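One structure, as structure tokens, below. Some questions next.
The values are calculated or read from the model by the stated rules, or taken from the named source; none is laboratory data. As the structure is a prediction and not an experimental result, all values here were calculated from the model. Cβ placement follows ideal geometry from the backbone for every residue including glycine, while neighbour counts extend to all protein chains displayed. Surface areas here come from the heavy atoms of the whole protein model, side chains and all, with no ligands, DNA or RNA. Shrake-Rupley method; radii C 1.70, N 1.55, O 1.52, S 1.80 Å.
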Amino acid sequence: MLRSTLLKLSESKGFAHWVTTNGMARRMSHRFVAGETLDEAVEAARQLNQQGMSVSLDCLGENVSTPADAQKVRDVYLGIYDRIAKEKLNANVSCKLTQLGLDLSVEFCEGLVLSIAERAAAYDSFLRIDMEGSIYTQRTVELVKRVRAQTPCIGTVIQAYLYRSESDIQDLLSYGCRIRLCKGAYKESDEVAFPRKQDVDANYVKLMRLLLPSGFYHAIATHDPRMIAETIRAAAEKQISKDDFEFQMLYGVRTDLQQRLVGDGYRVRIYVPYGQEWFPYFMRRLAERPANLSFFARNFFRS
Ligand SMILES: Cc1cc2nc3c(=O)[nH]c(=O)nc-3n(C[C@H](O)[C@H](O)[C@H](O)COP(=O)(O)OP(=O)(O)OC[C@H]3O[C@@H](n4cnc5c(N)ncnc54)[C@H](O)[C@@H]3O)c2cc1C
């Protein structure tokens, strides 16, 4: 119930304005967001690299409404690869298709994605296309497959809460596509997604067991100690080396677990978001854990 309300509020422009113009809320967003500028994100990435973790940089934003805005976002991402190279960071990039004009035209969006993927290839890097709400899943999978046919340094994300995910994984694996597996962060109806957490978790384990032995380098994105333990068990059973997959976690979430996995010799990549459009991302993080909400509310209303 609380999760649904928060996810609904994450789409409200009025509420976004109210929250993002509050100084205390902006400071609190730093719990999950590295800052509003690329400089701040680079600093966060440098510190994570020093702690033995790699990074995926994401310039926050979604659902742009003009081609000019989408082109500006494309230029930002091209610049991020240049900056990663200049700073010699161990980092790649994650972005969302609705930030690159998917709502305007698939062809237009694809052209922008291809130019970003080509920049990634020029640096021998990688571009991860995040997965958004289920109305975008089919278009995202198809677009990634088409761009991948031209440059292989692109991959996407599959959400364990969707019923369709097993067949999407089979499809993407037949193209040799690298996949990040997550549980799924959007508000979905029970017509497309498992409503019960235990079913999402069971599907997560099932899908992880499909990915690990597939021969491609995938990302297991979760903070759930049970999913992590299942992954470690599956890797041991199938004799999959610690270098053949990576764990991924979000900036500011379960830093204790992030460091423990590095200490145990696993590859860990941290998703580092930055930018001024932090509101929907921030709300999804609150929705994932009610305790975050009470911490936020106490400080917000005290300000
Ligand atoms: C690297 C990465 C990339 C992602 N990309 C996408 C994407 O492209 N599309 C998409 O839909 N979703 C994405 N997600 C979000 C994901 O779908 C989940 O919503 C999120 O990771 C919470 O699920 P969980 O696996 O951590 O398990 P849960 O069962 O939700 O949480 C397990 C435990 O993790 C901790 N935890 C989880 N979330 C939080 C939080 N916000 N604050 C504090 N503690 C927390 C708590 O201790 C909780 O008990 C991504 C997640 C990660 C880690």
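ALA229: away from the ligand (no atom under 11 Å from the Cβ) and among the small types (Gly, Ala, Ser), yes or no?
For ALA229, the condition - away from the ligand (no atom under 11 Å from the Cβ) and among the small types (Gly, Ala, Ser) - is met.
With respect to the numbered conditions (1) within 15 Å of the chain's Cα centre (by Cα); (2) surrounded by fewer than 22 Cβ atoms within 10 Å (Cβ to Cβ); (3) among the hydrophobic types (A, V, I, L, M, F, W, C), which one is the sole condition not fulfilled by ALA121?
Among (1) within 15 Å of the chain's Cα centre (by Cα); (2) surrounded by fewer than 22 Cβ atoms within 10 Å (Cβ to Cβ); (3) among the hydrophobic types (A, V, I, L, M, F, W, C), ALA121 violates only (1).
Same structure again: Does GLN99 satisfy the condition of being of a type in the set (S, T, N, Q) and in contact (Cβ under 8 Å) with a residue 24 or more places away in the chain?
For GLN99, the condition - of a type in the set (S, T, N, Q) and in contact (Cβ under 8 Å) with a residue 24 or more places away in the chain - is met.
Right, next: With the condition kept exactly as written, say whether any residue in region 16-29 is modelled with pLDDT under 95, farther than 18 Å from MET249 by Cβ and not in a helix (DSSP H, G or I).
yes
Does region 168-201 hold any residues that are open to solvent by less than 60 Å² (accessible area, probe 1.4 Å) and part of a helix (DSSP H, G or I), and which are they?
If the condition is that a residue be open to solvent by less than 60 Å² (accessible area, probe 1.4 Å) and part of a helix (DSSP H, G or I), then ASP168, ILE169, ASP171, LEU172, LEU173, ASP199, VAL200, ASP201 are the ones that fit.
Here's something else I'd like to know. State the number of residues belonging to region 45-59 that are crowded, with 22+ Cβ neighbours inside 10 Å and not in a strand (DSSP E or B).
Qualifying residue count, region 45-59: 3.
Given the criteria within 27 Å of THR5 (Cβ to Cβ), within 15 Å of the ligand (Cβ to nearest atom) and not hydroxyl-bearing (Ser, Thr, Tyr), does ALA193 qualify?
yes
Out of the residues in region 30-44 that are in a helix (DSSP H, G or I) and in contact with a Gly (Cβ under 9 Å, 6 or more places away or on another chain), state the one that is farthest from PRO273 (Cα to Cα).
The residue in question is GLU43.
Between a first residue in region 240-254 that is within 19 Å of LEU57 (Cα to Cα) and a second residue that is open to solvent by 30 Å² or more (accessible area, probe 1.4 Å) and among the hydroxyl-bearing types (Ser, Thr, Tyr), which pairs have beta carbons less than 6 Å apart while being 6 or more apart in sequence or on different chains?
PHE247/TYR266
Does region 235-244 include one or more residues that are within 10 Å of the ligand (Cβ to nearest atom) and surrounded by 12 or more Cβ atoms within 10 Å (Cβ to Cβ)?
No, there is no match, as no residue in region 235-244 is within 10 Å of the ligand (Cβ to nearest atom) and surrounded by 12 or more Cβ atoms within 10 Å (Cβ to Cβ).
Still on this structure, I have one more. Looking only at residues in region 148-167 that are open to solvent by less than 10 Å² (accessible area, probe 1.4 Å) and of a type in the set (A, V, I, L, M, F, W, C), which one is farthest from the ligand (Cβ to nearest atom)?
Here the residue is ILE154.
Let me ask you something else. Tell me yes or no: at least one residue of region 214-221 is more than 24 Å from SER174 (Cβ to Cβ), open to solvent by 10 Å² or more (accessible area, probe 1.4 Å) and either basic (Lys, Arg) or more than 12 Å from the ligand (Cβ to nearest atom) (or both).
no
If I filter region 267-297 down to residues being of a type in the set (Lys, Arg) and out of contact with any helix residue (DSSP H, G or I) (no Cβ under 8 Å at 6 or more places or on another chain), which single residue comes out as most open to solvent (accessible area, probe 1.4 Å)?
ARG289
Name every residue in region 210-257 that is among the hydroxyl-bearing types (Ser, Thr, Tyr) and touching a Leu at 6+ places or on another chain (Cβ under 9 Å), in order of residue number.
SER214, THR222, THR231, TYR251
Still on this structure, please answer the following. Within region 60-71, can you find the residues that are surrounded by 14 or more Cβ atoms within 10 Å (Cβ to Cβ) and away from the ligand (no atom under 16 Å from the Cβ)?
VAL64, PRO67, ASP69, ALA70, GLN71
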